[in-house]
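These notes concern the structure reproduced below.
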Amino acid sequence: MTLRVTELSVRSGTRVLVEDVSFTVEPGERVGLIGESGSGKSLTAAAIMGLLPPGLTATGSARLADRELLGAGERTLSGLRGRSMAMVFQEPMSALNPAMRVGRQVAEVMLLHHTRPNRRAARLAAVDLLDRVRLPDPERIARAYPHQLSGGQRQRVVLAIALANDPALLICDEPTTALDVTVQARILELILAGTRDRESSLLFITHDLAVVAGVCERVLVLYQGRLVEQGSTSRVLRTPEHEYTQRLLAASSLEVG
Ligand SMILES: Nc1ncnc2c1ncn2[C@@H]1O[C@H](COP(=O)(O)OP(=O)(O)OP(=O)(O)O)[C@@H](O)[C@H]1O
């Protein structure tokens, strides 16, 4: 499925936070969204997912295949979230229910969208998914509560939930920022493997240019709510056209080989 965002704007009253942003993510494509803090990355993702905070409004269009997401009813959106499109946030604890065993949380998203015939099948699939995100002893982990796991393990669980129904589009918003450096690389590998296996498109938000270089084929640069540059990752990182991208690169320690 293609994600086609056209002239997306997000406003808070008369304040424009994201302005006329247009881009597409083709099926199976991995696209990075970069820009400094406050440039509108998270709001762009939230608008696509139908998860804007109260008081903010989105205009323009965001279509996933032939479905318009902006202005769609909650019923339509909750039918798509966790099924056709899924999201991984920076802080895994915020995405997990602290009072439910993690295996059950993975199983529930499949039961909710009827992608497994019954509870038993969903439970087995949940353990398999926990295994595929390389959690050791997945049977045991499935019975654990979130607080009994490390930050990296929790993010693996969140990834298992996000990938459970083979989403066409996965959006990751700084998914490794809260993790130790050693754990970061492994989570990135899992995100790459998970989206490759499923041929899912990936929209990857990060402030880390090295991560973009390793993960994304194409990159979008946001500056003060506007898309100032987009292109293949190698082109943008080697020969940035916009002055802001040049500054962003100069400020990073990235060495483009
Ligand atoms: N609920 C809200 N109400 C009003 N303004 C908001 C709200 N959420 C975000 N903003 C503003 O919108 C702008 C874009 O925010 P956004 O969270 O999308 O930035 P970001 O690029 O994701 O930043 P970061 O890298 O720090 O997460 C910022 O100026 C922010 O202050």
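The values are calculated or read from the model by the stated rules, or taken from the named source; none is laboratory data. Bear in mind the structure is a predicted one, so any value in this text is a computation, not a measurement. Every residue, glycine among them, receives a Cβ derived from its backbone with ideal geometry; neighbour counts consider all protein chains shown. For the accessible areas, the whole protein counts, side chains as well, though only heavy atoms, and no ligand, DNA or RNA atoms are used. Shrake-Rupley method; radii C 1.70, N 1.55, O 1.52, S 1.80 Å.
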Pop the C-beta distance of Thr24 and Asp137 into the FRET formula with R0 = 30 Å and round what comes out to the nearest 0.05. 0.15
When only the heavy atoms of the protein chains count and the probe is 1.4 Å, how do Val228, Val102 rank by accessible area, highest first? Val228, Val102
Report, by chain and number, residues whose modeled amide H sits under 5 Å from the one on Leu70, excluding near sequence neighbours (fewer than 5 apart, same chain). Ala62
Give the ranking of Met87, Met100 by solvent-accessible surface, highest area first, calculated with a 1.4 Å probe. Met100, Met87
DSSP loop chymotrypsin sites (Phe, Trp or Tyr not before Pro) in the range 171-257 with at most 10 other Cβ atoms within 10 Å of their Cβ, which ones? none
Quick check for you: which residues of the range 137-176 have the amide N under 16 Å from the point 7 Å beyond the Cα of Leu124 toward its beta carbon? 139
With each label point set 7 Å from Cα along the Cα-Cβ vector, what nm distance links Met100 and Ser61? 3.6 nm
Just need the relative contact order of the chain here, percent rounded to a whole number, with Cα pairs under 8 Å and 6+ apart. 26 percent
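Expressed as a rounded percentage, what relative contact order does the range 93-166 have, with Cα pairs under 8 Å and six or more residues apart?
42 percent
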With contacts defined as alpha carbon pairs under 8 Å and 6 or more residues apart, what's the relative contact order of the range 41-161 in percent? 23 percent
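So what is the calculated 222 nm ellipticity per residue for the chain, using -39500 (n - 2.57) for each DSSP H run with n of 4 or more, over all residues, to the nearest 500 deg cm²/dmol?
Calculated from helices alone, the mean residue ellipticity at 222 nm is -11500 deg cm²/dmol.
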Linear extension gain, Glu91 paired with Gln148, 0.36 nm per residue minus alpha-carbon span: 19.0 nm
Using only the Cα atoms of the chain, what semi-axes does the equivalent ellipsoid have when each is the square root of 5 times a gyration tensor eigenvalue? Give whole Å, largest first. 30, 22, 16
Can you pull the one-decimal nm distance between simple spin-label points at Thr2 and Leu51, each 7 Å off the Cα toward Cβ? 2.6 nm
Given a 1.4 Å probe and the protein chains all in place, what does the accessible area of Ser22 round to, in Å² to the nearest 10? 40 Å²
Evaluate the distance, in nm, between pseudo-label points positioned 7 Å from the Cα of Ala210 and of Arg75 along their respective Cα→Cβ axes. 4.9 nm
Among Thr24, Gly71, Ile34, the residue whose Cα sits farthest towards the positive end of the charge dipole of the chain, when +1 is placed on the Cβ of each Lys and Arg and -1 on the Cβ of each Asp and Glu, is Gly71
If you average the C-alpha positions of the range 1-44 and of the range 106-152 separately, how far apart do those two centres end up, in angstrom? 32 Å
Formal net charge of residues neighbouring Gly73 (Cβ-Cβ distance under 14 Å; K, R +1; D, E -1): +1
Given a Förster radius of 22 Å and the C-beta distance between Glu68 and Thr14 as r, what FRET efficiency does 1/(1 + (r/R0)^6) yield to the nearest 0.05? 0.35
